[in-house]
Amino acid sequence: MALPVTLYGISSCDTIRKAKAWLKNQQIEFEFHDYRKQGLEQKQLQSMISVLGWEAMLNRRGTTWRALPDKLKQQIDQASAMRVMLDNPAIIKRPILARGDQLHLGLSDRQYQEIFS
């Protein structure tokens, strides 16, 4: 039996569109969880952070990060990063792919081939 696959992100993201297309082209069934529309529970986010690391998950290149107050950006730590991610899910790097109990961050053809080989 195939492991369940969930793709986490926001539907307006180009990288999410590419990840969806990759999965569909490989005929891999998956659920999509749009954490902007469906939200993200604190417990779920904490679980992701414990595996992937809050620093890896925090997108410091996007407009959401740039819009944060400078003082917050300078003093960011795991607790404040988690609050920011819960309040502004668009700041979480995308995609996050869950396959069974494994989590993977980002998208590359090679990475996805390894995950599903």
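Among residues of the stretch 23-49 that are within 22 Å of V84 (Cα to Cα) and free of Cβ contacts under 8 Å to residues at least 12 places away in the same chain, none has a Cβ under 8 angstrom from a residue that is surrounded by 11 or more Cβ atoms within 10 Å (Cβ to Cβ) and of a type in the set (V, I, T) at a sequence gap of 6+ or on a separate chain. The set of residues in the stretch 22-51 being within 16 Å of L103 (Cα to Cα) and either touching a Gly at 6+ places or on another chain (Cβ under 6 Å) or polar (S, T, N, Q) (or both) consists of Q44, Q46, S47, S50.
Suppose we filter G53, G9 for residues that are modelled with pLDDT of 95 or more and touching an Asp or Glu at 6+ places or on another chain (Cβ under 8 Å); which single one remains? Only one candidate qualifies: G9.
When F116 is tested against (1) in contact (Cβ under 8 Å) with a residue 60 or more places away in the chain; (2) touching a helix residue (DSSP H, G or I) at 6+ places or on another chain (Cβ under 7 Å), only condition (2) is not met. Please enumerate the residues belonging to the stretch 74-96 that are without any contact (Cβ under 8 Å) to a residue 12 or more places away in the chain and farther than 16 Å from K43 by Cα. Matches in the stretch 74-96: Q74, Q75, D77.
Annotation: Y8 fulfils all but one of (1) in a helix (DSSP H, G or I); (2) crowded, with 17+ Cβ neighbours inside 10 Å; the unmet one is (1).
The values are calculated or read from the model by the stated rules, or taken from the named source; none is laboratory data. All of these numbers come straight from a predicted model, not from anything done at the bench. Neighbour counts are summed over all protein chains in view; Cβ atoms, including those assigned to glycine, are modelled from backbone coordinates with ideal geometry.
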